[in-house]
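Participant: Sharing a structure here in structure tokens format.
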């Protein structure tokens, strides 16, 4: 329960990784393949999860530009999928109730939107964006984007950026300690819970209470 607070609701993070929220991670990376995979379904999914973790470990410093580059890489991967993989992914989407072409188009638009936001982040906020981006900066981004990037869209961007950075920090910590990449999402959650310190828990609750007491302002 306490560890979940530290990681800003692990369930919400799982949904983000599986293609929910703004789709910052492709649905295919963490979603379960359809029965087309037969008894290899779980192994294929876990391998995709580990592939995503490995791609995050390639990032040397997590900042605005590395986050933008990740989105560019994800777009390239989606565009260069093989025929078999594309077929499997689209079949999975269809079995989940989506129209594959429309869903993939939405993902592309969302990743391009992230890239657009990254290009509009001011120099003083290129690291720890969620801490350094001021309200005045958000208003400027809103105007510079011709009113397309609203405050609520920016807040969602910041939330996902923060969760990605936390995941990257945990992965780097485990790598530095000589540990293996988590086998799957459940393994990752378990390791995060075990890695919690009393300081982490206290800080998490302070941040949670601070966000609850924060006054709502325009666009939030």
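Throughout, read-outs are computed from the coordinates displayed, never taken from laboratory work. No experiment lies behind these values; they were computed from the predicted model shown. Cβ coordinates were reconstructed from backbone atoms using ideal geometry, including for glycine residues, and neighbour counts include every protein chain displayed.
Participant: Given the peptides 99-106, 116-123, arrange them by the average over their residues of other C-beta atoms within 10 Å, most packed first. Walk me through the numbers before you get to the answer.
Facilitator: Numbers: 99-106: 14.5, 116-123: 16.5.
Final packing ranking: 116-123, 99-106.
Participant: State, as an integer percentage, the relative contact order of the range 92-207 based on alpha-carbon contacts under 8 Å between residues 6 or more apart. Walk me through the intermediate numbers first.
Facilitator: On the way: 39 pairs, mean separation 16.2, N = 116.
Worked out over the range 92-207, it gives 14 percent.
Participant: Determine, for each peptide in 157-164, 82-89, the mean count of other beta carbons within 10 angstrom over its residues, then list the peptides with the highest first.
Facilitator: Numbers: 157-164: 19.8, 82-89: 13.2.
Ranked by mean Cβ neighbours within 10 Å, highest first: 157-164, 82-89.
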